[in-house]
1. Could you list all residues from segment B:144-175 that are closer than 16 Å to residue A:158 by Cα and in contact (Cβ under 8 Å) with a residue 60 or more places away in the chain?
2. So which of B:248, B:244 ends up being within 14 Å of another protein chain (Cβ to nearest Cβ), in a loop (DSSP other than H, G, I, E, B) and either under 15 Å from residue B:288 (Cβ atoms) or over 25 Å from the mean Cα position of the chain (by Cα) (or both)?
3. Only one residue in A:114, A:73, A:66 is within 13 Å of another protein chain (Cβ to nearest Cβ) and over 18 Å from the mean Cα position of the chain (by Cα). Which one?
4. Restricting attention to segment B:196-205, does a residue exist that is more than 28 Å from residue A:3 (Cβ to Cβ) and surrounded by 20 or more Cβ atoms within 10 Å (Cβ to Cβ)?
5. Examine segment A:104-121 for a residue that is part of a loop (DSSP other than H, G, I, E, B), within 26 Å of residue B:200 (Cβ to Cβ) and of a type outside the set (Asp, Glu), and state whether such a residue exists.
6. Among the listed residues A:75, A:56, A:30, identify the single one that is touching a residue at least 12 places away in the same chain (Cβ under 8 Å), out of contact with any helix residue (DSSP H, G or I) (no Cβ under 8 Å at 6 or more places or on another chain), surrounded by 12 or more Cβ atoms within 10 Å (Cβ to Cβ) and over 21 Å from residue A:136 (Cα atoms).
7. Hey, any hits in segment B:104-125 for a residue that's under 24 Å from residue A:192 (Cβ atoms) and touching a His at 6+ places or on another chain (Cβ under 8 Å)?
Number of protein chains: 2
Amino acid sequence: MQAFTGSRLDRADAIRADPAALAELTNWRAKLLRLDGLMPHVSSQNTLEWGTLADAAEDAELVFLGLDTDESGTAKPCFAAVPAQGDASPRMANPRLWGLMATLTPDDLAIYGGARSIVDWHARHRFCAACGGAAVIAKGGWQRSCTRCGAQHFPRTDPVTIMLVEHDDTLLLGRGLGWPDKAYSALAGFVEPGESIEEAVAREVFEESGIVAREVQYIASQPWPFPAQLMMGCTAIADNTDITLDTTELADARWFTRAEVQAAMDGDADAIMTAPPKQAIANHLLQWWLDKGTA
Amino acid sequence: MQAFTGSRLDRADAIRADPAALAELTNWRAKLLRLDGLMPHVSSQNTLEWGTLADAAEDAELVFLGLDTDESGTAKPCFAAVPAQGDASPRMANPRLWGLMATLTPDDLAIYGGARSIVDWHARHRFCAACGGAAVIAKGGWQRSCTRCGAQHFPRTDPVTIMLVEHDDTLLLGRGLGWPDKAYSALAGFVEPGESIEEAVAREVFEESGIVAREVQYIASQPWPFPAQLMMGCTAIADNTDITLDTTELADARWFTRAEVQAAMDGDADAIMTAPPKQAIANHLLQWWLDKGTA
């Protein structure tokens, strides 16, 4: 299972559009995810900490995350409050956050990731992109509505392709600008308007490496809450191996043998590369490739 | 090949970030896609009509679509101007547009779809969602930048799952609210922050029909320019067949046999359903299911 998937919450989407039901759930029994800005509070038992709605500011915008059913079978409404500031930075350069996330159960990690993406979106979308007027939270946080022109805005999720490129039992991997010397991962890029996943994979591989990729195949997907990507992991076949590096995107790209990838995934100190973190779908894709064996 | 894919344009993304190169391409040789609002101009030869930059308003915001290489090997820069108004409506209720699109080659249809999505996005995002300030076009139309707070905004593409649900050689299909009596198609819904494609498929199927779907498998994808979706076609297996209809989303949902789907795809007048249009990935998914044969 991919990190950031497998939330136990029932999104109960019918409630969002039902103001009476939503109002009834916004009660003293409801749980509020404890956040410090966008940082989670993690208990000494390595679980997400929850408070009550009384912990939110009087004028807080509350997002209905869904229903959490406890051991007794009681479904409790779960909320998160929109913080003062969002964080649009795509990379996660916060070691303390990664330390906290590493301790969470997969289930709690998924709840945190989903909640983070949506409250961050609200924090960065307080105004209407159509007219510049003030926009306010609606439908339990699954919409914002402009108070001036009435335009409706919806939480954003950006599809991103991330891909292994295979040639003769070797893999093309790249090192981003500013990454540690030995850190390599799958090439990746946003899907643009007007292209399919398969077209986006081929375009990104060609742009970043000059390699022509064909036979794109979908492997797995993952939500990635920095800030709200949908990572779609693919594999593709290359005919050529001559790399023309896009130096505006990558510090390096090269072909790795199966043994080199295996050593990185094993965490060998002598490995010529380090593998992407376990929370990233790139790690899953490398394992998929190793498990698949030689074609 | 899916409709709206296969554009011949080279997006030449390196040019977007290079103001000098972009300025050089913004010349009298450049082609401007002729649009009337968001409607294409189609020639008597059923091709998209192009003008020159002189056809754009003096203060028009121009989007660099890419390079078009003609028979002589000359690569011409292609642009589209942002119209006065966008159109956020998800459905395509415009018969004249569908008539025009039906005459276009697949290649031209892809160019139109991609151009439509991005100019429409600009038209609906003239202001900064972070601060309400005026936002202006940047990077050849692949960004908007706030003139007040400096926030950067990028064209939006919304991932949508669309899925066949299979049970015992029958398919679950639905009829949307307001659709013609016999029009059925695959269930579909937006991927939300915090979920994978596979989770979104299972959630949407359960929400709309009460059916529990498992073994989600990705089939194909398609950009859908109304306004800017990435349709991701999947299939899944259902164990139960008792439908609990979400009447806020669907007018009906039912199970169809292979013969019933075949008759619809053949356009039989006696068929109990009509198939989705050929331009929709749902049509492709139904054909995929028929071609696959009985498991």
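The values are calculated or read from the model by the stated rules, or taken from the named source; none is laboratory data. Every value quoted in this text rests on a predicted model; they were computed, and no experiment measured them. With ideal geometry, Cβ positions are generated from the backbone for all residues, glycine too; neighbour counts draw on all protein chains shown.
1. B:155, B:156, B:157, B:158, B:159, B:160, B:161
2. After applying the criteria, what remains is B:244.
3. That would be A:66, the only listed residue that is within 13 Å of another protein chain (Cβ to nearest Cβ) and over 18 Å from the mean Cα position of the chain (by Cα).
4. no
5. Yes; the residues of segment A:104-121 include at least one that is part of a loop (DSSP other than H, G, I, E, B), within 26 Å of residue B:200 (Cβ to Cβ) and of a type outside the set (Asp, Glu).
6. A:75
7. There is at least one residue in segment B:104-125 that is under 24 Å from residue A:192 (Cβ atoms) and touching a His at 6+ places or on another chain (Cβ under 8 Å).
Every residue, every condition in (1) over 16 Å from residue A:170 (Cα atoms); (2) of a type in the set (Gly, Ala, Ser); (3) modelled with pLDDT of 95 or more, yes or no:
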position: A:245; (1), (2), (3): yes, no, yes
position: A:254; (1), (2), (3): no, no, yes
position: A:261; (1), (2), (3): no, no, yes
position: A:273; (1), (2), (3): no, no, yes
position: A:278; (1), (2), (3): yes, no, no
position: A:284; (1), (2), (3): yes, no, yes
position: A:287; (1), (2), (3): no, no, yes
